Amino acid sequence: MNDWIYAVILGVIEGLTEFIPVSSTGMLLLSQQALGITGPFWETFTVLIQLGAILAVVVLYFKRLWSIAVLVPTVPRARAFVFSILVAFLPAAVAGLGLHDIIKSVLFESPRLICIMLIIGGVVLLLIDRFAPYPTRRDVMALPIGTSFIIGLFQCLALVPGVSRSGATIVGSMLMGVEKRAAAEFSFLLAIPVMAGAFTVDAWKSRHELTSVGHTGLIAVGFAVSFVVALFVIRAMLAIVTRRGYAPFGWLRIVIGGAGLALLFLR
């Protein structure tokens, strides 16, 4: 199959899975294994096209983000929100920089680990959806700094492929009393600095592999496709969470992880 078709397929998978709690990285890595496209470039590709999905968040939340940026110099509430996002971002930034090479060389090479983490994460989502503490925080603009920091610590779990960045932050948020929809929105907004940072680190470390015009074009296609798909997925996820909670995503994780383990066992 042509590399351009692979780029489109992976872009669709990224856009579909970046913001629902099923682990976009895990899905991309399993898809690469299934398609038989492995190697340093495709590993880098999976990280770089995530910026397309993050751009979708910026577009959908542009009005809110712009109003915050304008108000930061004069309004304490806006400054507190920006500080809250930065505090939640720092644990994953520090852990990601320190463990980057281990994660890519060891954890990214274990499809079985990804499938197991998908199943475990699915069970956790089912439990948290049913037994989470009663929500006392419904405004993502007003989370205490301590709460944001703990959510950031939960996000570090997503360094293991299959855990899910959005899933980890949502679970951490709900354990801290954040309402379901607000937990999803905080996860979306926190993704902006996290994935921008991951993009920057990977782009720099892989700069020599990205000099090929063909490689640059493949990344551009994956980026564009993930952006368009994510625009629709973000709205759909908020609607599902509002009506049905996170249980559908928990079952989805379990089904995908179980199917993946079965296929690995049969190989």
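The values are calculated or read from the model by the stated rules, or taken from the named source; none is laboratory data. None of the values given here were measured: they were computed from a predicted structure. Ideal geometry is used to build each Cβ from the backbone, glycine not excepted, and the neighbour counts take in all protein chains shown.
For region 99-138, give me each residue that is assigned to a helix (DSSP H, G or I), at pLDDT below 85 and within 27 Å of residue 251 (Cβ to Cβ). 107, 108, 111, listed by residue number. Given the condition hydrophobic (A, V, I, L, M, F, W, C), surrounded by fewer than 17 Cβ atoms within 10 Å (Cβ to Cβ) and over 30 Å from residue 258 (Cβ atoms), answer yes or no: does some residue in region 96-107 qualify? The answer is yes, given that some residue of region 96-107 is hydrophobic (A, V, I, L, M, F, W, C), surrounded by fewer than 17 Cβ atoms within 10 Å (Cβ to Cβ) and over 30 Å from residue 258 (Cβ atoms). For beta carbons closer than 7 Å, sequence separation of 6+ or different chains, a first residue in region 40-55 that is of a type in the set (A, V, I, L, M) and a second that is modelled with pLDDT under 80, the qualifying pairs are 47/198; 47/199; 47/202; 48/199; 48/202; 48/203; 51/199. Residue 55: closer than 25 Å to residue 261 by Cα, of a type in the set (A, V, I, L, M, F, W, C), part of a helix (DSSP H, G or I) and at pLDDT 85 or above, yes or no? For residue 55, the condition - closer than 25 Å to residue 261 by Cα, of a type in the set (A, V, I, L, M, F, W, C), part of a helix (DSSP H, G or I) and at pLDDT 85 or above - is not met. Taken over region 3-35, the residue count meeting the criterion of being at pLDDT 85 or above and in a loop (DSSP other than H, G, I, E, B) is 5.
What residue, among those in region 141-193 that are of a type in the set (A, V, I, L, M) and outside any helix (DSSP H, G or I), is farthest from residue 117 (Cα to Cα)?
Once the filter is applied, the top-ranked residue is 143.
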